[in-house]
Amino acid sequence: MASYIPAFILFVLTFVQSIVLVPVFLQYWGSEKYSVWLTLYAFITLMRTLDLGHQNYIGNEFSKLYHSDKRAASGLLGSSVRVALLLGVFELLVYVVICLCGYHKSAVGIDLQQYHVSDGIIAFLIMWLLTGSVGGLITRMLYPVGKYSVTNYFGLLIKVGELVAILVGVYLKLSINQLCIVVASTWFVYNAYTFIVIRRIMPDFFPWWKDGSWKAGFNNLKKSVVLTFNGFIEQFNTNGLILLVSHTAGLLVVPVFTTVRTVGNTFMQVSNLMLNPLAPELVRYYVKGEKEKIIATIEANWFITGLIINVPVILILPFLEFIYTWWTKGKLPFNPVLLYTILLSIAVVNSGKSFVTVLTSINELKSVLIITICRFILTYGFSILLLKYFGLSGLGVSMLAAEVVSSGYLPANFVYKLLGLKANILQNKMRLLSILQIILLGAVLFAQLVWPGLKVFIFAIGFITTISISLLQWKGLDADVRKRLISLVRKK
């Protein structure tokens, strides 16, 4: 429960930032300057994914070693901190080379001659070099000691700081470079604070670089490449696509894509709120060989995400166009095909997310690699082809096609095989109900697109049927899981 309180507050703040800042940016900056900011921030986020896989791999390994061999855990941490600093230097050098070789527009999506943003990007990369990459590593030290809620409070703190910094910067009409420096400075102060807190919680491991070796650090980096690639593809599905849209369709189209996707990602954040705290539990179940508990957790996630994501999507569907137009003050066109395909792809992602969490948490790297390669090929290949001919609508279809395979099909089959269970959909009632709910959502979205005049009838049928499936899922849950969910609701 302690993990969900800060996570819920963080979700609310992220929602406020995603929703509130759009009209603020459009009012104070205009769509063109806003487009540059979105593209720049997407590039920075994409650059930082180069070491995110390393952080996740080391965090998972540290959790395994902490309870069995603390000396080995300390050596793992020390080796990895050294490599993390080098990764920060590498990321900065990559950007410098991009600038010197004149590839800024191709790589970043922004013409450096027209928009002078290099100082702001460098400020972010220097901050990440000094504190960001190492900070990501040591924060994961808190997972095996039962301090997951502390990391959520950390996230809550930086979200507040970042939100205030951006709002003040936009209100004062700072340049993009100036705003980047302000936000990067906020992140630097936040990281320094987390270092102090973690040192107090786990003093035995400080200094964090005292043990280990460069050789061990590079070996771990090599092992983490699969997770790095997976993280890069996940970011490509978000921030990388912004760069693709900017390069292919132009900067001014970027806000249309990001605002529509923001609506969809709001529902995705709800899923993360529910599932992320369960990752350490899934690792523990796997290590102890408790297969039934893993499946019960996955089935509970299907019920929860279906109820709090699929149902609300149908509830607000008749009002989406009005809400979007009011939200953007009519300055950005509404693209229903893009929005509906994004919403459906998020439903598919939610259905398979618990399977992916199992695979990544136990470092099942071969399966993760296959999933990642399929997602990359399908997303990137379809996007290049369809974006050219169908614009942003084609981009939405590309994202949906990629997730059906890489989130809906592959992860489930890998986990069932790993656990020695049958993956036949027709023999798995709970999985079949989850898939039927997604198919129903797709049918409702398609009907709304083709017959907009029947929105009330479509809404009624979709809502009643979705709730009926949720009731069947509830009845199919393990009795102990139902009791735990009821107790959580009563505590709230």
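The values are calculated or read from the model by the stated rules, or taken from the named source; none is laboratory data. Please read these numbers as outputs of a predicted model, since none were measured by experiment. Methodologically, a virtual Cβ is constructed for each residue, glycine included, from the backbone with ideal geometry; neighbour enumeration extends over all protein chains shown. For the accessible areas, the whole protein counts, side chains as well, though only heavy atoms, and no ligand, DNA or RNA atoms are used. Shrake-Rupley method; radii C 1.70, N 1.55, O 1.52, S 1.80 Å.
Data table
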{"read-out": "Segment VAL168-SER106, length gained on full extension (0.36 nm per residue, minus Cα span)", "value": "19.2 nm"}
{"read-out": "Contour minus Cα-Cα distance for LEU157 and LYS429 (0.36 nm per residue)", "value": "93.7 nm"}
{"read-out": "Förster-model FRET efficiency, 30 Å R0, VAL24 and VAL189, C-beta, rounded to 0.05", "value": "0.80"}
{"read-out": "In nm, spacing of pseudo-spin labels at VAL225 and PHE90 (7 Å Cα→C-beta vector)", "value": "1.0"}
{"read-out": "Separation in nanometres of the label points that stand 7 Å from Cα toward Cβ, at ALA479 and ILE464", "value": "3.4"}
{"read-out": "Segment 152-213, relative contact order in percent, only Cα pairs under 8 angstrom and at least six apart counted", "value": "32"}
{"read-out": "Prolate/oblate/rounded call for segment 4-222, Cα gyration tensor, a/c under 1.5 rounded", "value": "oblate"}
{"read-out": "Surface per residue (accessible, 1.4 Å probe) for segment 4-222, Å²", "value": "44"}
{"read-out": "Nitroxide proxy distance, nm - points 7 Å out along Cα→Cβ at HIS67 and LYS422", "value": "3.3"}
{"read-out": "Fraction of accessible area attributable to carbon and sulfur, segment 4-222 (%, probe 1.4 Å)", "value": "65"}
{"read-out": "Over segment 61-148, relative contact order from alpha-carbon pairs under 8 Å, at least 6 apart, %", "value": "43"}
{"read-out": "Net length gained if the chain between PHE206 and SER175 were fully extended (0.36 nm per residue, minus Cα distance)", "value": "7.2 nm"}
{"read-out": "Span from the segment 102-168 Cα centroid across to the segment 304-352 one, whole angstrom", "value": "28"}
